[in-house]
Amino acid sequence: MVAVAAALGAVTRHTLDHVVSTRARSFPVGTFAVNVSGSLGLGVLVGIVTLHDLPVVWQIAIGTGFLGAYTTFSTWMVEAVRMMQSGERARAICYVVASWAAGTGAAWLGFAIVRAH
């Protein structure tokens, strides 16, 4: 289940990143969108599993499989390093901080959505 979900997550990430990135080239919006939406998804998933006592296998298959392959920490870091190497330190710092803040906020929002229902 994890391998199948991971394959679907990787294809989804590639597709979304490509679609978003072709529209906004000045900032790595594709990776940003993938990581923030993945954080929201994981917050919802963990909230559902935790608060509604679903079998943890769902968290493993969807969380580790799909969302683990969908989100991309390594690409986020490489993009930040490339910005710094090209002299865009302020932009890199903005990207890292915005990604961290939006991702954390999205995960929190995911929990809050589940808690509210």
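Computed values, structure above
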quantity	calculated
From the options 9, 68, residue that is touching a residue at least 60 places away in the same chain (Cβ under 8 Å) and either of a type in the set (Lys, Arg) or within 22 Å of residue 101 (Cα to Cα) (or both)	68
Tally, over segment 33-79, of residues that are touching an Asp or Glu at 6+ places or on another chain (Cβ under 9 Å) and over 16 Å from residue 106 (Cβ atoms)	1
Set 101, 3, 61, 90: member being of a type in the set (A, V, I, L, M), loosely packed, with under 13 Cβ neighbours inside 10 Å and under 28 Å from residue 112 (Cα atoms)	101
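Here is a yes/no grid of residues against (1) over 16 Å from the mean Cα position of the chain (by Cα); (2) free of Cβ contacts under 8 Å to residues at least 12 places away in the same chain:
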site	(1), (2)
4	yes, no
17	no, no
40	no, no
45	no, no
78	no, yes
88	yes, yes
94	yes, yes
101	no, yes
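No value in this document is a laboratory result; all are computed from the given coordinates. Bear in mind the structure is a predicted one, so any value in this text is a computation, not a measurement. Virtual Cβ from ideal backbone geometry, glycine too; neighbours counted across all protein chains shown.
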